[in-house]
Amino acid sequence: MSLATQQLSSLVTPPPQGDSDTSIMKIEIGPSHPAMHGIVRFTTYLDGELIVGMEPEIGYLHRGFEKESENSKWIQVVPYTDRLNYVSPLLNNIGYSMAVEKLYGIEAPRRAEFTRVIMGEISRITDHLTCVGAASMEVGAFTFFLWFIKAREYLWELVEEVTGARLTTNWTRFGGNATDIPDGFFDALQERLDKVKDIMDECDKLLTRNKIFIDRVKDVGTFSKEDAISFGFTGPMLRACGVPYDVRRADPYSVYDEIDFEIPIGSTGDCFDRYLVRMEEIRQSISIIEQAADMMPAGPIMTDERLMHYPDKKEVYGNIEGLIDHFKLVMEGHQPPEGEVYLPTEGGNGEIGFYLVSDGSGDPVRVRMRPACFNYVEAMPAMTVGHYVADIVPIFGSVNMIGGELDR
Amino acid sequence: MTTTDSELVTTSLLKKNFPKSILETHCHRGDETVVIDRKDLLSICEFLRDDEGCSYEMLVDLTAVDLLEQNRTPRFEMVYHFKSLRHGKRIRVKVRLDEQDCSIDSIYHLWKAVDWYERECFDMYGIHFNNHPDLRRILMYDQFEGHPLRKDYPMDRQQPIEELREIEERYHYQRDV
């Protein structure tokens with residue numbers, strides 16, 4: 001034995017002695033690990049490279065969203081919702097505002113709804129681009145991450161044009177939106193969508209039939225339809241298992257019932273199906289945006305219901321009702337009537353539901369957000385046990401866990 | 001969004017099968033809601049899942065509401081949201097819980113999603129779920145005192161996270177599992 005080998009062997013821990021149960025190795029993956037998409041910890045038990053047990057631990061990004069919301073006024077919750085699913089903040093804005101509108105029993109004007117559909121679908125595309133891009137980067141296809149992030153950047157610039165911010169949008173109000181779409185927006189929109197389509201086509205050619213990619217994701221993380229339903233899967237994760245459940249179609253909200261789109265479904269629910277479903281959903285979202293842009297009606301973007309929006313300055317200074325409305329909204333805030341509602345909307349990675357309880361006083365009694373990826377992370381042991389440790393990366397990538405939404 | 005009583009299929013089915021345990025029903029803004037007696041939760045949930053006319057295969061959400069500031073007794077309300085993919089319906093089931101005895105049967109064995117939802121509810125509200133196999137905190141850490149979403153938990157209360165000693169202990173390298 002050479003000296004170098006001797007030195008090396010002294011560094012390696014000696015193999016366990018005796019016949020005690022030492023064949024199972026415990027490995028902590030995360031919380032601070034590049035493949036953990038933020039902060040979540042998996043305590044993994046390995047037999048060789050085979051995963052025999054796993055326990056996820058969450059809560060590292062818990063900020064008390066619900067507590068903060070319940071100690072705010074109703075309108076003050078809108079900026080908090082940006083920080084839930086921070087890859088598609090507009091969808092959270094829309095979900096929350098529509099839930100409050102349901103509490104009031106009113107609807108936003110049609111132009112506002114169509115704008116919401118366009119902006120919401122842009123957000124859905126950015127969400128899917130991030131998920132697919134990050135997941136493919138983690139299995140070695142780094143180019144796609146850069147290309148998809150480039151495509152996402154095009155769309156975020158559009159979001160910035162309308163809302164004034166890329167991520168912290170704070171765009172919807174109760175009964176409408178804060179800003180209307182600017183002049184020349186539709187030309188820019190079409191140009192950007194064409195660019196995204198080109199990127200999609202190129203990436204599709206490079207990735208979808210790529211043997212290296214398919215070997216990593218095909219038949220990995222397979223999940224049965226029954227288990228997925230029982231685990232409360234929604235969104236692309238459930239559709240990849242073959243269940244055509246989409247809130248936009250099952251419980252239509254906004255103007256989705258007037259728009260024609262297809263719901264892509266997978267068959268086995270493995271990571272490859274989830275990738276294919278997300279890629280197709282990006283195309284469907286582009287089609288939805290184009291239809292909504294064609295159908296965009298003229299008109300107001302804010303309801304004319306009293307005590308829902310700040311009156312025009314002309315009204316405030318010109319007549320007593322305007323002045324009183326302004327005063328009451330500033331001093332007391334919105335006062336939805338007593339009651340409780342649950343409004344499901346289709347978020348980036350599943351059903352976002354807001355359960356709101358109001359006692360009519362202006363202070364929310366309960367603001368509950370149903371996080372879509374909570375169930376996915378809960379099902380991580382069921383998806384990974386029996387696979388190899390390297391499979392955690394594509395499985396967790398395809399889950400699209402967003403820490404802000406998971407831990408709230 | 002007006003819904004007539006004849007359209008509330010699940011409510012009428014539940015009223016027919018569990019006449020004594022349905023305390024209250026309403027359909028505010030089109031959300032079908034039943035308030036049930038605590039002791040019949042298990043049998044009603046099982047009925048909702050397995051009955052042909054109901055078949056609520058999915059538990060969408062499970063949470064609680066603290067009605068302390070409304071001076072309501074009982075203080076807590078458990079809220080379950082179910083979704084039937086087959087019939088395309090939703091229902092909300094509510095159970096009222098006393099502050100002194102805030103425990104309820106776990107429906108852990110009926111839907112797989114229940115496990116973490118009940119842990120979160122226990123963590124945030126301190127509601128005890130009987131027969132839950134692993135009722136630990138989920139979002140907060142084990143040393144955390146109190147239940148943050150209760151209305152009497154102060155907004156600005158701060159708690160030191162952990163003693164340094166415990167951290168050192170935890171990260172001490174141990175080979176055995």
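Structure data summary
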| quantity | calculated |
| --- | --- |
| Model label zone, B:Glu52; criterion: amide N under 18 Å from point 7 Å along Cα-to-beta-carbon; scope region B:74-96 | B:85-88 |
| Prolate/oblate/rounded call for region A:71-133, Cα gyration tensor, a/c under 1.5 rounded | oblate |
| Centroid-to-centroid separation of region B:20-89 and region A:152-193 [C-alpha atoms, Å] | 39 Å |
| Cα-based equivalent ellipsoid, the protein assembly as shown: semi-axes from gyration tensor eigenvalues, Å | 40, 32, 24 |
| The protein assembly as shown - accessible surface per residue (Å², probe 1.4 Å) | 43 Å² |
| At least 50 Å² of accessible area lost relative to the chain alone, listed for region A:367-391 with a 1.4 Å probe | A:Arg368, A:Phe374, A:Glu378 |
| Share of carbon and sulfur in the accessible heavy-atom surface of the protein assembly as shown [1.4 Å probe, %] | 52 percent |
| Distance in nm between pseudo-label sites at B:Phe144 and A:Ile263 (7 Å out along the Cβ direction from Cα) | 3.5 nm |
| Inter-label distance, nm, simple model (7 Å from Cα along the C-beta direction), A:Val330/B:His26 | 3.4 nm |
| Two-site FRET efficiency, A:Asp219 against A:Glu290, from Cβ-Cβ distance with R₀ of 45 Å, rounded to 0.05 | 0.80 |
| Heavy atoms of A:Trp147: accessible area, 1.4 Å probe, square angstrom to 10 | 70 Å² |
| Selected from A:Asn170, A:Asn319, A:Asn93 as most flexible by GNM, with chain A as the system and alpha-carbon contacts under 10 Å | A:Asn319 |
| Chain pair A, B: total accessible area buried, heavy atoms, 1.4 Å probe, Å² | 4200 Å² |
| Selection from A:Ile301, A:Ile288, A:Asn400, by position along the positive dipole direction of region A:285-407 (Cβ) | A:Asn400 |
| Length released on extending from A:Glu226 to A:Glu191, taking residue separation times 0.36 nm less the Cα-Cα span | 8.4 nm |
| Dimensionless Rg/Rh of region B:5-171 - Kirkwood Rh, Rg from C-alpha atoms | 1.04 |
| Paramagnetic label zone (point 7 Å from Cα along Cα-to-C-beta, A:Asp363; backbone N under 14 Å) in region B:37-81 | B:66-72 |
| Shape call, region A:276-385: gyration tensor on alpha carbons, a/c limit 1.5 | oblate |
| Per-selection metrics, region A:40-115 (Cα): Rg and Dmax in Å | 19.1, 60 |
| Antiparallel DSSP beta bridges within region B:5-171, as percent of all bridges there, nearest 5 | 75 percent |
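The values are calculated or read from the model by the stated rules, or taken from the named source; none is laboratory data. Remember, predicted model here, so these are calculated numbers, not experimental data. Positions of Cβ are backbone-derived with ideal geometry, glycine not excepted, and every protein chain shown enters the neighbour counts. Note: accessible area is taken over every heavy atom of the protein model, side chains too, but ligands, DNA and RNA are not part of it. Shrake-Rupley method; radii C 1.70, N 1.55, O 1.52, S 1.80 Å.
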